[in-house]
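Nothing in this text is a laboratory measurement; each read-out follows from the coordinates by a stated rule. On a predicted model such as this, the values are computed, not experimentally measured, just so you know. Because the Cβ atoms are built from the backbone with ideal geometry, glycine has one as well, and the counts that use them run over all protein chains shown.
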Amino acid sequence: MSGGRATVLVAGAGIGGLTAALALADKGFKVIVAERTPRLEEAGAGLQLSPNASSVLIGLGLKSSLEACAIAPEAVSVMSGPRGGELVRLPFDKPDPVAPYWVIHRADLQAALAARASTHSLIELRLGCELESFTTNADGVVVNLQQETALQRETVAALIGADGLWSAVRRQLDPATQPRFTGLIAWRGTVENRSPLDQASPSRVQLWMGSNAHLVTYPMAHGQQTNVVAISSGQWHDQGWSVPATATEASAAFTAPRWSEPARAIIASVTHWRKWALFTLPASATWIDGRVALLGDAAHAMLPFAAQGAGMAIEDAAVLAMCMSEGAGDIASALQHYADLRRERVARVQNLAQQNGRIYHLAGPIATARDLSMKLLGGRRLLARQNWIYNWRA
């Protein structure tokens, strides 16, 4: 640590790590971001940024860069997988310029965050730099890094593990906690649209519910692509957690007569698939130990059925920076305060995602009752049930 400013090392340059770097730098901390991959290539395809997340990013100065590549959908359409029709529409009113609901390609969001970080004088991004180990002492955290063949040692005020589901920081911080396979697999792909969205072709998120599976679609890249995510139960025998997949695998859970022709046509329109094993972490996982803390998937990987995985990492980053700024004289206590502020909300979102997954996959008479209940409630009241998530502000 030098120069009078406390230095923080962030492991991981994904969405959570880069957001944390920007938030910490805006509070006056020097930040080293260590990313083990030599190039920033965000895995996955699209993601949804609800107002709780977009408001943080706009507050960090990313509004213009994100507006250039994000889409503000007009509604979420909940669709019947077996029958093919719309059950209910959850309308987004006129977009809030301070906190819009956006859909965006993960790579575009990561690129915007990285571009912003690269221009910040207090942020240093080290690619191809892997965290080997760390120890804590009275002066801070001593972090051992390897960049190509060079060994590096940094003594920093705090170490933040934003290095995802298979976090190297968590592996040392809490080796007993391991990701748990949920028995669910997500197949993800994109469709090139022949007619990009315009004012005559409204943009919507579509959620297709069916027996033991569901399907989510929404536009990206100025309407030139549609993001498609198909989720069903299954076994996982592959190495790693994200691998190429075939169209046959992706369509196996979406056959007639349980799934309508429109839903099956969406699946058939994707030419290149990847499949993801869906893992979670237990709510009891350790988040902090002294001057070391976790955020995002490293702390609380969750099912994607509330569309809040990225949102919770972005919220984490904002709260972490606030706590460290306010408690700069006692970093360990500041990080404990961060964990105390975040645990209950994150656990509630995790529970919602699990509940949603069960609801989406119902079959038979209970699915019919679900559909009727949603119609009777109506889109606005269903959307209002998410206000406790969307109305959060840093």
Response to the item:
Amide H contacts under 5 Å for Leu87, restricted to residues at least 5 apart in sequence or on another chain and with H modeled in the peptide plane, are Val78, Met79, Ser80
Practice prompt. Could you list which residues have their amide H under 5 Å from that of Ala75, counting only those 5 or more apart in sequence or on another chain, with H placed in the peptide plane?
Written response: Phe92, Val205
Worksheet item: Tell me, what ³J(HN,Hα) does each residue in region 213-230 have, in order and in whole Hz, if you take phi through Karplus 6.51 cos²θ - 1.76 cosθ + 1.60 with θ = phi - 60° and put x for Gly and Pro?
Response: 6, 8, 9, 10, 9, 6, x, 9, 6, 6, x, 7, 9, 10, 7, 10, 10, 10
Item to complete: Calculate the length of the line joining the C-alpha centroid of region 54-85 to that of region 86-119, in whole Å.
Response: 5
Worksheet item: If amide H atoms are built 1.01 Å from N in the plane of the peptide, which residues on other chains or at least 5 residues away come under 5 Å of the amide H of Tyr101?
Response: Asp96
Fill in: For the chain, built as a Gaussian network whose Cα springs stay under 10 Å, the top-fluctuating residue of Ile266, Ile123, Ile71
Ile266
Item to complete: Convert each backbone phi in region 242-259 into a coupling constant with the Karplus relation 6.51 cos²θ - 1.76 cosθ + 1.60 (shift: θ = phi - 60°), then list the ³J(HN,Hα) values in order as whole Hz, x for Gly and Pro.
Response: 9, 9, x, 9, 9, 4, 5, 4, 5, 8, 4, 8, 10, 9, 6, x, 5, 10
Worksheet item: How high is the FRET efficiency from Leu341 to Ser133, r the C-beta distance, R0 25 Å, rounded to 0.05?
Response: 0.30
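Note down the net charge around Arg393, summing +1 for each Lys or Arg and -1 for each Asp or Glu among other residues with Cβ under 13 Å from its Cβ. Display every interim value, and only then the final one.
Numbers: positive: Arg345; negative: Asp96, Glu315.
Every neighbour counted, the sum reads -1.
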Worksheet entry | Ordering of 346-358, 53-65 by packing [mean C-beta count within 10 Å, highest first] | 53-65, 346-358
Worksheet item: Taking K and R as +1 and D and E as -1, what net charge do the other residues with C-beta under 14 Å from the C-beta of Ile331 add up to?
Response: 0
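What's the local net charge at Leu281, with K and R +1, D and E -1, over the other residues with C-beta under 11 Å away?
Residues near Leu281 contribute 0 overall.
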Response to the item:
What the Cα atoms of region 80-127 span along the principal axes, largest first and in whole Å, is 54, 26, 10
Discussion item. Could you tell me the extents of the chain's C-alpha atoms along the three principal axes, largest first, rounded to whole Å?
Written reply: 64, 45, 37
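Which FRET efficiency value, to the nearest 0.05, do you get for Arg83 and Arg5 by plugging their Cβ-Cβ distance into 1/(1 + (r/R0)^6) with R0 = 56 Å?
Details: r = 60 Å, r/R0 = 1.07.
Efficiency for this residue pair is about 0.40.
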